[in-house]
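See structure below.
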Amino acid sequence: MPVACVCCWPAVSRDAPPEEPVLTLAEEEPEEAVQPVVCQLRVEVKAPEVDKYRDIPLDHELQDVALAACEEYGVLPDILFAVMDVESGYQLDAQNGEGYGLMQIHSINLPWLQEQIGTTDLSDPAQNIKAGAYILGGYLERYSLTDSLMAYNLGEGGAKAQWAQGIHETAYTRKVLTCLAEGKEEV
């Protein structure tokens, strides 16, 4: 008995709703009357799209800036976003003394950042993110994660003074590492 699929066999009746496949057996016919029928089925399977944006209080445009800066300066996005969270809580206009913006870049850094990467305004969120990634990326090339975080927070000179005393962890580094461990920055 030949088996026919509903898309190809002309004398098939449907009892099921169209979304359910229906296969029926055709009535027996003499062997010579059965014509071979070819059915083709094309199935496309796409991987689900992963939203690259994080559920944080930072618009997608600035998240794109951060991701591009991470790629350019060799910083894992989770680390950059954890530092940003600890430094400013994603507050665009954050200011603490001479520290500005999302990454709390100290104004003393502006001249060399301008020379190195063209930063002209630390209060501009995009420039601030890029500057923070540049600074952090430079430390991560030379030091461990905790030492890099200390240098980011204390300045390299301040961190070196602490390292000379055997201190390689501070309340700041613990806060950033806790932020990472809790997965606050996961996509």
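The values are calculated or read from the model by the stated rules, or taken from the named source; none is laboratory data. What you are looking at is a predicted structure, and each value in this text was computed from that prediction instead of being measured. Ligands, DNA and RNA are excluded from the accessible area calculation, which covers all protein heavy atoms including side chains. Shrake-Rupley method; radii C 1.70, N 1.55, O 1.52, S 1.80 Å.
Percent of accessible area on the stretch 110-187 owned by carbon and sulfur, 1.4 Å probe? Answer for the stretch 110-187: carbon and sulfur cover 49 percent of the accessible area. Within the assembled protein chains, the solvent-accessible surface assigned to E156 is about 50 Å², based on a 1.4 Å probe. Heavy-atom accessible surface of the stretch 32-187, averaged per residue, reaches 59 Å², computed with a 1.4 Å probe. At the residue level, T173 shows approximately 0 square angstrom of accessible surface with a 1.4 angstrom probe and all protein chains present. Residues K175, K130 ordered from highest to lowest accessible area at a 1.4 Å probe: K175, K130.
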